[in-house]
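K.L.:
This is the structure I want to talk about, given as structure tokens.
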Amino acid sequence: MKFISTGVNGFDKVLGGGYAEKSLTLITGGPGTGKTILGLQYLYEGLKKKEKVMLISFEEDKEVILEQAKNFGWDLEKYLKNSQLEILTFDMPSTHVVQVVEKISKEVRTHKPKRIVLDSISVLSLFAEVAAGVELANSLDLNLDQLKLSEGVLTIGAVMGLLSKIKQYDNTSLIIAEIPEGQKMLSRDSYTEFICDGVIKLEKNEKTGKREITIVKMRTANHKLTPFKFIMGKKGINI
Ligand SMILES: Nc1ncnc2c1ncn2[C@@H]1O[C@H](COP(=O)(O)OP(=O)(O)O)[C@@H](O)[C@H]1O
Ligand SMILES: [Mg+2]
């Protein structure tokens, strides 16, 4: 089996080489735990290897992303110019989930990136719920308040559809999920974790003040279940 480097040497070691080729891994954790940085570091690793990569962001503007990367010495602008890197951002309240899914599918089909990072599925799921709810309400001639949304059922179509589309193409990718602090679920929509081949959890240990990374699930590695400590250094995440 072929493994794709995560961009973090120590993490590649514990994973037996990296993420399995053509796998989809869920990166989950609370706010500020390093999910976006782990994603950017993974993409940057691909860029250095002359691969095509894609960042899909529902969280931040392009300028903010470029600035955050620059703080770690990752010059993404250079790769935007030579078209190795594509950054898709969506302004969610004004873009319909169906349009988002169509746009992403089209860009993935056209550019065929080797690595995709989607940051984050939680935002998309949230709007998938709202959009599905509005459509259902309209079709039943009800207003939204009259309709009790059944979360899982409504979101599952749009989000699962997108993930399975991404998986069809030849890429090794990360899906980021933001979980509220203290929550036990790994993603907002608990089914996302079942579609993914692996689940990685990032945390800040309040007692020790240390950052931790846990391999919750990884089909391709015989891994420890206990957390590994990591640091956020000058050049990104280091284990
Ligand atoms: N240049 C930097 N050097 C060290 N740590 C940083 C730097 N920039 C951000 N951080 C740390 O990383 C955290 C944000 O990481 P990020 O990946 O954006 O989190 P999230 O999990 O919310 O996506 C910040 O809260 C801060 O603790
Ligand atoms: Mg983030």
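The values are calculated or read from the model by the stated rules, or taken from the named source; none is laboratory data. Computed from a prediction, not measured in an experiment: that's the story for all the values here. So basically every Cβ, Gly included, is an ideal-geometry build from the backbone, and we count neighbours across all protein chains shown.
K.L.:
Say we look at the range 63-101 and pick out the residues that are part of a loop (DSSP other than H, G, I, E, B) and acidic (Asp, Glu); which of these is nearest to ligand 2 (Cβ to nearest atom)?
P.N.:
Per the stated criteria, the residue is Asp91.
K.L.:
Considering each residue of the range 51-64, count those that are at pLDDT 95 or above, surrounded by 20 or more Cβ atoms within 10 Å (Cβ to Cβ) and either closer than 12 Å to Asp119 by Cα or of a type in the set (Asp, Glu) (or both), and give that number.
P.N.:
4
K.L.:
Same structure, new question: Assuming Lys22 fulfils every condition listed in (1) part of a helix (DSSP H, G or I); (2) under 26 Å from Ser125 (Cβ atoms); (3) touching a strand residue (DSSP E or B) at 6+ places or on another chain (Cβ under 7 Å) apart from one, which condition is it?
P.N.:
Lys22 satisfies all of (1) part of a helix (DSSP H, G or I); (2) under 26 Å from Ser125 (Cβ atoms); (3) touching a strand residue (DSSP E or B) at 6+ places or on another chain (Cβ under 7 Å) except (1).
K.L.:
Tell me which residues, restricted to the range 27-51, are in a loop (DSSP other than H, G, I, E, B), of a type in the set (Gly, Ala, Ser) and more than 9 Å from ligand 2 (Cβ to nearest atom).
P.N.:
Once the filter is applied, which keeps residues that are in a loop (DSSP other than H, G, I, E, B), of a type in the set (Gly, Ala, Ser) and more than 9 Å from ligand 2 (Cβ to nearest atom), the range 27-51 yields only Gly30.
K.L.:
Moving on to the next point. Starting from residues that are of a type in the set (Ser, Thr, Tyr) and in a loop (DSSP other than H, G, I, E, B), keep the ones in the range 194-239 and report whichever is nearest to ligand 1 (Cβ to nearest atom).
P.N.:
This residue is Thr208.
K.L.:
Looking only at the range 21-32, filter to residues that are surrounded by fewer than 22 Cβ atoms within 10 Å (Cβ to Cβ) and either under 16 Å from the mean Cα position of the chain (by Cα) or modelled with pLDDT under 95 (or both); which one of those is nearest to Leu202 (Cα to Cα)?
P.N.:
Checked the range 21-32; the qualifying residue nearest to Leu202 (Cα to Cα) is Gly30.
K.L.:
Could you check the range 102-126 and list, in sequence order, the residues that are within 14 Å of ligand 2 (Cβ to nearest atom) and closer than 22 Å to Ser83 by Cβ?
P.N.:
Val117, Leu118, Asp119
K.L.:
Let me ask something additional. Considering only residues that are more than 8 Å from ligand 1 (Cβ to nearest atom), in contact with a Lys or Arg (Cβ under 7 Å, 6 or more places away or on another chain) and among the polar types (S, T, N, Q), which ones fall in the range 25-42?
P.N.:
Correct list: Thr28 only.
K.L.:
Sticking with this structure for a sec: Of the numbered conditions (1) under 22 Å from Gly32 (Cβ atoms); (2) touching an Asp or Glu at 6+ places or on another chain (Cβ under 9 Å); (3) surrounded by 14 or more Cβ atoms within 10 Å (Cβ to Cβ), Ile200 satisfies every one except a single condition; which is it?
P.N.:
(2)
K.L.:
List, please: which pairs have Cβ atoms under 7 Å, are six or more places apart or on different chains, and start with a residue in the range 161-181 that is within 16 Å of Glu107 (Cβ to Cβ) and of a type in the set (Gly, Ala, Ser) and end with one that is within 16 Å of ligand 1 (Cβ to nearest atom) and modelled with pLDDT of 90 or more?
P.N.:
Hits for this filter: Ser173/Val117.
K.L.:
Would you confirm whether or not the range 46-61 contains a residue that is under 22 Å from Pro227 (Cβ atoms) and not basic (Lys, Arg)?
P.N.:
There is no residue in the range 46-61 that is under 22 Å from Pro227 (Cβ atoms) and not basic (Lys, Arg).
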